[in-house]
Structure formats: structure tokens, C-alpha cells
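The structure appears right after this line, and notes come after that.
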Amino acid sequence: MRILAFDYGTKRVGIAATDPLQMIASPLTAVHPNDIWTFLKQYFQTEQVETFVVGKPRQLDGSDSESAQHVVGFIRRLQREFPEIAVVEVDERFTSKMASAAIAQSGMSKKKRQQKETVDTLSATIILQDYLQSKSFF
């Protein structure tokens, strides 16, 4: 069974997935928030998912950021649409900055680096990697 991670934004949702053994996090895609439900239903036709990991935006002091309210609504709907799948919230502070830095150092073409979808899917991958690492310590 896989784990899916989301970097939720009002323009795009970055999505990453683990391999079936839950050892490797890989970027999957970025979709418009309105299309996420169709995407997930199609994804579940071929893949089994046991956990959703959702990045929760926070301020430097740890309090919820302004965009956190959108993430809370997304999490509620995930729980309503897929009650059998656990939802875990993780702190996503700095993931977009880390993703942008990794892309800048990757040698990717300038056009590819400027695509916001690349940052969103990589942010979701970083969120998922952080979750996998934290899980391996318990």
C-alpha cells in the first residue's frame, strides 16, 4: 500500500507518492484543487493507499498561517470522501523554499524550473520524505 502526500494550494495541489513498500517518495503530479477528487478516484482504481499526508502551513512561531484554513477544509473533505484512509498533518514550513533551492541546483532547464507545478510536486515529495523519516524513528 502506498502513502500519498499533498502540498495543498488554492491554485495547485502538488502530489507525491511512495512505492508500495513505503520506502521511496516520488513526485507524482500537480492538479487544480477542483480536479483533485477526480484524480484520486482514478488513482484508486489501480493503487491502494493507506495514508494521506497533508502539509499544514505554519508561521515561524508555529501558529497556523493564513492559508491553513484552506488546508483544513481540504483535510475535512479527504476524511469525508475517503473515511477508510488515515490523514496525517505535517508541518510544511520551508518546503517550497527547499523545493525551489533543490530545483535551482538540479541543472534543470530554466523553463522547467519556472514551472510552478515542478515546485508543488517537489514540495509534496519533501513533505512525504520528512514523514517517512519521522516514521522510521518510531
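The set of residues in the stretch 17-47 being under 17 Å from residue 82 (Cβ atoms) and either among the aromatic types (Phe, Trp, Tyr) or buried (at least 18 other Cβ atoms within 10 Å of the Cβ) (or both) consists of 17, 18, 28, 31, 36, 37, 39, 40, 43, 44. If you go through the stretch 24-53 and keep only what is touching a residue at least 60 places away in the same chain (Cβ under 8 Å) and closer than 16 Å to residue 77 by Cα, you end up with just 53. The set of residues in the stretch 20-57 being out of contact with any Lys or Arg (no Cβ under 9 Å at 6 or more places or on another chain) and of a type in the set (Asp, Glu) consists of 35 alone.
Under the condition of being under 8 Å from the mean Cα position of the chain (by Cα) and more than 14 Å from residue 92 (Cβ to Cβ), the residues counted in the stretch 1-14 number 1. State yes or no: is residue 96 touching a Ser or Thr at 6+ places or on another chain (Cβ under 8 Å) and either among the small types (Gly, Ala, Ser) or at pLDDT 85 or above (or both)? Yes.
The values are calculated or read from the model by the stated rules, or taken from the named source; none is laboratory data. On a predicted model such as this, the values are computed, not experimentally measured, just so you know. All Cβ positions, glycine included, derive from the backbone under ideal geometry; neighbour counts span all protein chains shown.
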